[in-house]
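For reference, the structure discussed in these notes is given below.
Any read-out appearing in this document is the output of simple, stated calculations on the displayed coordinates, not a laboratory observation. Keep in mind that what you see is a predicted model, and the values were worked out from it rather than measured. Positions of Cβ are generated from backbone atoms using ideal geometry, with glycine treated the same way; all protein chains shown enter the neighbour counts.
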């Protein structure tokens, strides 16, 4: 509390105090996008997690990003999901990557 007082000393209006505190401590949307994006990129499934719970964590991050106006494309989310799986899923990821290509070698 002592570190807050110098910032609000002399302000008598509750609304102005709130605005001052908000400007000091509330993260900006840009910073929030950066933090959530970094969290999404760094997210890795640990062995004790189930795939559904891992997907839920990713979806929650996507939802939080979208709530502040940052669109996460489904294609990018799928790519992140596949790259966040443990090595034990490498055969699955490889099979899925191969099966998603059409006869001409283009990704569907």
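Data for the structure
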{"read-out": "Sequence of 60, 74 once ranked by neighbouring C-beta atoms within 10 Å, starting from the fewest", "value": "74, 60"}
{"read-out": "Helix 14-25 axis, angle to the chain major axis (alpha carbon atoms, nearest 10°)", "value": "40"}
{"read-out": "Additional length obtainable on full extension of the chain from residue 56 to residue 7, 0.36 nm per residue less Cα span", "value": "13.6 nm"}
{"read-out": "Most mobile listed residue (63, 29, 49) in the chain, GNM with C-alpha springs under 10 Å", "value": "49"}
{"read-out": "222 nm mean residue ellipticity, helices alone, for the chain (DSSP H n ≥ 4; -39,500 (n - 2.57); rounded to 500)", "value": "-19000 deg cm²/dmol"}
{"read-out": "Euclidean distance between Cα centres, segment 50-94 to segment 26-48, Å", "value": "12"}
{"read-out": "Spin-label pair residue 30/residue 99, simplified geometry with 7 Å Cα→Cβ offset, distance in nm", "value": "4.4"}
{"read-out": "Ordering of 66-73, 78-85, 12-19 by packing [mean C-beta count within 10 Å, highest first]", "value": "78-85, 66-73, 12-19"}
{"read-out": "Between helix 29-42 and the chain: long-axis angle, C-alpha atoms, 0 to 90°, nearest 10", "value": "30"}
{"read-out": "Cα-Cα separations in the chain greater than 19 Å, expressed as whole percent", "value": "61"}
